[in-house]
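Here the structure is laid out as structure tokens; the discussion comes afterwards.
The values are calculated or read from the model by the stated rules, or taken from the named source; none is laboratory data. Source: prediction; values computed, not measured. All Cβ positions, even for glycine, are placed from backbone atoms using ideal geometry, and neighbour counts span all protein chains on display.
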Amino acid sequence: MAQPTISRARHAAIPDVSGVKGNARLTGTLASVLLVLLALEGVTIVRIRSLLTVHVFIGVLLTVPVLYKIASTGWRFVKYYWGDPQYRRKGPPPIVLRVLGPFVVILTLTLLGSGFGLVLAPLGWRSFLLFVHQASFILWFAVMTVHVLGHIGETARLAPLDLLHRTRRQVRGATARQWVITSSILIGLIAAAALTPLANNWFAHHI
């Protein structure tokens, strides 16, 4: 008669008072979403002229998950350096990734910001913004390659945990985290649908 009790206890939600495990799962899932979107965005770069509309759509879409991921990693950063015991126990990322972290954030925001500028800014700004967009992409790609390789194992381990029945119940808040992921995609889709038509106007002038 004790076996069902043991089984239920084994799969019961583990208290996550400081949110360390929940934050890690959220960050890992956001990273996996972004890897897919960035891979699709990379395909459009190969034939940017014919796929400009798709390039803009995906670029706008992925901006929202990017901001969510910056927020989730920023939360871990703040909690760690404010001395939260649970986050201190988890420890920081490897030193190389910590050094590159600010550059990843700055270059990502520069890349996305210049992309938005190309769509929304007056025509007179667009040559400069195109230069910034292309130059920041080169630098961003270099640091992002190291960043992805440094986190790929952790991302692969964490991303499925809130999706699998066996593991989603082990840390409370799986449903809330899934809603966060879903909302980032939905908001991104709405923004992309609203802004992408403006890219056709930019392309017509750029040609």
Pairs needed: first member in the range 189-207, farther than 24 Å from Leu37 by Cα and loosely packed, with under 14 Cβ neighbours inside 10 Å; second member anywhere, among the basic types (Lys, Arg) and modelled with pLDDT under 90; C-beta distance under 9 Å; at least 6 residues apart or different chains.
His205/Arg126; Ile207/Arg49
Taking into account only those residues within the range 177-196 that are closer than 19 Å to Gly19 by Cβ and of a type in the set (Ser, Thr, Tyr), which is nearest to the chain's Cα centre (by Cα)?
Ser184
Given the condition at pLDDT 90 or above, of a type in the set (Gly, Ala, Ser) and surrounded by fewer than 17 Cβ atoms within 10 Å (Cβ to Cβ), answer yes or no: does some residue in the range 41-59 qualify?
yes
Which of the residues belonging to the range 67-95 are assigned to a helix (DSSP H, G or I), touching a helix residue (DSSP H, G or I) at 6+ places or on another chain (Cβ under 7 Å) and touching a residue at least 40 places away in the same chain (Cβ under 8 Å)?
Tyr68, Lys69, Ser72, Thr73, Trp75, Arg76, Lys79, Gln86, Tyr87, Lys90
Report yes if Pro102 is outside any helix (DSSP H, G or I), over 14 Å from the mean Cα position of the chain (by Cα) and under 16 Å from His151 (Cα atoms), otherwise no.
no
Among the residues of the range 151-162, which ones are exposed (fewer than 15 other Cβ atoms within 10 Å of the Cβ) and either within 12 Å of Leu35 (Cα to Cα) or touching a residue at least 24 places away in the same chain (Cβ under 8 Å) (or both)?
Ile152, Glu154, Ala156, Arg157
